[in-house]
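The values are calculated or read from the model by the stated rules, or taken from the named source; none is laboratory data. Not measured: the values here are computed from a predicted model. All Cβ positions, glycine included, derive from the backbone under ideal geometry; neighbour counts span all protein chains shown. When the accessible area is computed, the model is the full protein with side chains, heavy atoms only, and any ligands, DNA or RNA have been set aside. Shrake-Rupley method; radii C 1.70, N 1.55, O 1.52, S 1.80 Å.
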Amino acid sequence: MTATPLRIRELRVRAVRVPMVEPHRTASGTITESPLVLTDVLSEEGVVGHSYVFCYATLALKPVALLIKGLEPLVARQPLAPLEIAATLSQRFRLLGPQGLTGIAMAAIDMAVWDALSRAHGLPLARLLGGGLKPIPAYGATGYDGAAGSARVAASWAERKFKGVKAKIGYPDVREDVNVIRAMRDAVGAGVSLMVDYNQSLTPTEAIERARVLDHEGLTWIEEPTLAEDYAGHARIAQEARTAIQCGENWWGPHEMLKAIEVGASDYVMADVMKIGGVTGWLQAAAFADARGILMSNHLFVEISAQLLCATPTAHWLEYAEWFNPIIERPLRIVDGCAVPEERPGTGVEWNEEAVKRYLVE
């Protein structure tokens with residue numbers, strides 16, 4: 001345990017391109033690799049905190065890395081106090097805004113600082129936040145792979161005892177969406193939850209029409225049927241659909257979540273820890289969800305998200321993906337279909353340095 005606040009010495013920032021084992025197809029395009037920026041917060045006392053952010057496009061790797069490193073003068077020699085650092089960075093970008101590259105950069109630093117603070121106190125992040133470590137039900141996902149491909153992938157998740165599977169849909173005809181869902185149900189049986197994700201591909205009217213058809217398929221949720229920022233449109237869909245609507249992975253910051261909640265845009269919420277504002281933003285978002293009794297899940301970033309869900313009063317599902325595992329020294333464990341965070345200090349992020357060197361972008 002540390003008696004006095006540690007101080008930040010510097011930031012170490014690296015960019016990597018991690019290839020996907022299988023391309024991940026969505027209604028909006030195909031993902032073949034994971035462009036990540038890795039951030040290490042080094043304290044003057046030798047404690048190091050880690051985080052990674054997902055840039056979606058390789059084109060954004062170097063700008064994000066440069067932006068994170070460019071923020072070093074604002075945090076160097078400052079105490080390892082995440083809330084204070086988040087406030088400092090937020091104030092600096094008040095006019096530019098917390099979205100896009102600035103939001104990604106701030107979240108990278110926030111997550112790494114929280115990791116360092118957890119390590120300094122010898123606690124897993126969940127315990128530092130006042131929670132306990134517990135199993136979180138996990139689901140896997142299929143891409144935009146058609147009925148046969150989606151059924152094959154769904155069966156593989158079920159064989160690994162995952163409790164749910166989510167499919168990318170949004171085919172030209174709703175009958176194709178139904179064919180995918182039914183093929184997956186045949187593959188996994190009645191005991192596995194099924195979710196679907198439209199990746200913002202429909203208009204609100206189209207979404208309402210399709211939801212009326214999908215309402216008969218026993219789905220756990222329909223995700224992002226229309227544009228993420230169309231809160232009114234999502235509210236219309238949620239009012240008309242009997243199946244729960246799920247949104248949140250593309251909300252930038254907790255206040256976007258609050259705006260969506262206030263208009264009834266989603267029955268459930270799922271936060272992306274990077275886009276929601278790191279650990280600091282997640283905590284605010286979780287408080288909003290708790291105040292309204294709304295179940296909350298995550299999007300990607302499985303190690304830190306598992307810790308955060310352990311400290312989230314309305315925790316629901318953990319979305320599991322193995323995209324980033326090659327660079328993680330100790331990937332998150334799944335036991336009997338649940339994510340099981342380890343009793344180790346930090347957020348669960350440690351680098352596999354050999355893999356980092358292999359995928360490094362100079």
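Taken residue by residue, the range 331-339 has at least one member that is among the small types (Gly, Ala, Ser) and open to solvent by less than 20 Å² (accessible area, probe 1.4 Å). Scanning the range 271-287 for residues that are touching a Gly at 6+ places or on another chain (Cβ under 6 Å) and part of a loop (DSSP other than H, G, I, E, B) gives a single hit, Gly277.
Mind checking whether some residue in the range 64-83 is among the basic types (Lys, Arg) and either buried (at least 22 other Cβ atoms within 10 Å of the Cβ) or modelled with pLDDT of 95 or more (or both)? Don't jump to the end; show me each part of the working.
Quick first cut of the range 64-83, residues among the basic types (Lys, Arg) only: 69, 77.
With the extra rule that they be either buried (at least 22 other Cβ atoms within 10 Å of the Cβ) or modelled with pLDDT of 95 or more (or both), the set shrinks to 69, 77.
Among the residues of the range 64-83, at least one is among the basic types (Lys, Arg) and either buried (at least 22 other Cβ atoms within 10 Å of the Cβ) or modelled with pLDDT of 95 or more (or both), which makes the answer yes.
Filtered by the rule that a residue be open to solvent by 10 Å² or more (accessible area, probe 1.4 Å) and within 26 Å of Val192 (Cα to Cα), the range 221-238 gives a lone residue, Ala238.
Does Val18 fit the bill of being crowded, with 19+ Cβ neighbours inside 10 Å and either touching a strand residue (DSSP E or B) at 6+ places or on another chain (Cβ under 7 Å) or basic (Lys, Arg) (or both)?
Working: crowded, with 19+ Cβ neighbours inside 10 Å: yes; either touching a strand residue (DSSP E or B) at 6+ places or on another chain (Cβ under 7 Å) or basic (Lys, Arg) (or both): yes.
In short, yes.
In the range 89-98, is there at least one residue being assigned to a helix (DSSP H, G or I) and within 25 Å of Thr312 (Cα to Cα)? Taking every residue of the range 89-98 in turn, at least one turns out to be assigned to a helix (DSSP H, G or I) and within 25 Å of Thr312 (Cα to Cα).
For the range 42-70, taking the residues that are more than 20 Å from the chain's Cα centre (by Cα) and either part of a strand (DSSP E or B) or of a type in the set (A, V, I, L, M, F, W, C) (or both), the one that is farthest from Pro98 (Cα to Cα) is identified as Val47.
For the range 270-291, the criterion of being under 17 Å from the mean Cα position of the chain (by Cα), β-branched (Val, Ile, Thr) and surrounded by fewer than 21 Cβ atoms within 10 Å (Cβ to Cβ) is satisfied by no residue at all. Within the range 19-41, if we keep just the residues that are aliphatic (A, V, I, L, M) and either touching a helix residue (DSSP H, G or I) at 6+ places or on another chain (Cβ under 8 Å) or in a loop (DSSP other than H, G, I, E, B) (or both), the residue that is nearest to Lys168 (Cα to Cα) turns out to be Ala27. Within the range 292-330, the only residue that satisfies the criterion of being farther than 18 Å from Thr39 by Cα, open to solvent by 20 Å² or more (accessible area, probe 1.4 Å), of a type outside the set (A, V, I, L, M, F, W, C) and outside any loop (DSSP other than H, G, I, E, B) is Arg292.
Residues that are in contact with a Ser or Thr (Cβ under 8 Å, 6 or more places away or on another chain): list the helices (runs of 4 or more DSSP H) wholly contained in the range 165-270 that include at least 2 such residues.
On the way: elements: 174-188, 204-214, 231-240, 254-262.
Helices (runs of 4 or more DSSP H) meeting the threshold: 174-188, 204-214, 231-240.
Leu101 - would you say it is open to solvent by less than 50 Å² (accessible area, probe 1.4 Å), modelled with pLDDT of 95 or more and in contact with a helix residue (DSSP H, G or I) (Cβ under 6 Å, 6 or more places away or on another chain)? Steps first, answer last, please.
Numbers: open to solvent by less than 50 Å² (accessible area, probe 1.4 Å): no; modelled with pLDDT of 95 or more: yes; in contact with a helix residue (DSSP H, G or I) (Cβ under 6 Å, 6 or more places away or on another chain): yes.
For Leu101, the condition - open to solvent by less than 50 Å² (accessible area, probe 1.4 Å), modelled with pLDDT of 95 or more and in contact with a helix residue (DSSP H, G or I) (Cβ under 6 Å, 6 or more places away or on another chain) - is not met.
Selection within the range 125-139: residues that are open to solvent by less than 30 Å² (accessible area, probe 1.4 Å) and assigned to a helix (DSSP H, G or I). The member of this set that is farthest from Ala315 (Cα to Cα) is Leu125.
Selection within the range 141-195: residues that are open to solvent by 40 Å² or more (accessible area, probe 1.4 Å) and among the acidic types (Asp, Glu). The member of this set that is nearest to Thr32 (Cα to Cα) is Asp145.
Residue-wise test of (1) aliphatic (A, V, I, L, M); (2) over 19 Å from Asp272 (Cβ atoms); (3) touching a Ser or Thr at 6+ places or on another chain (Cβ under 9 Å).
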| position | (1), (2), (3) |
| --- | --- |
| Leu67 | yes, no, yes |
| Ala86 | yes, no, yes |
| Ala108 | yes, no, yes |
| Asp115 | no, no, yes |
| Ala141 | yes, no, no |
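State which residue is farthest from Met106 (Cα to Cα) when the search covers only the range 239-251 and only residues that are crowded, with 23+ Cβ neighbours inside 10 Å and among the hydrophobic types (A, V, I, L, M, F, W, C). Of everything passing the filter in the range 239-251, Ile245 is farthest from Met106 (Cα to Cα).
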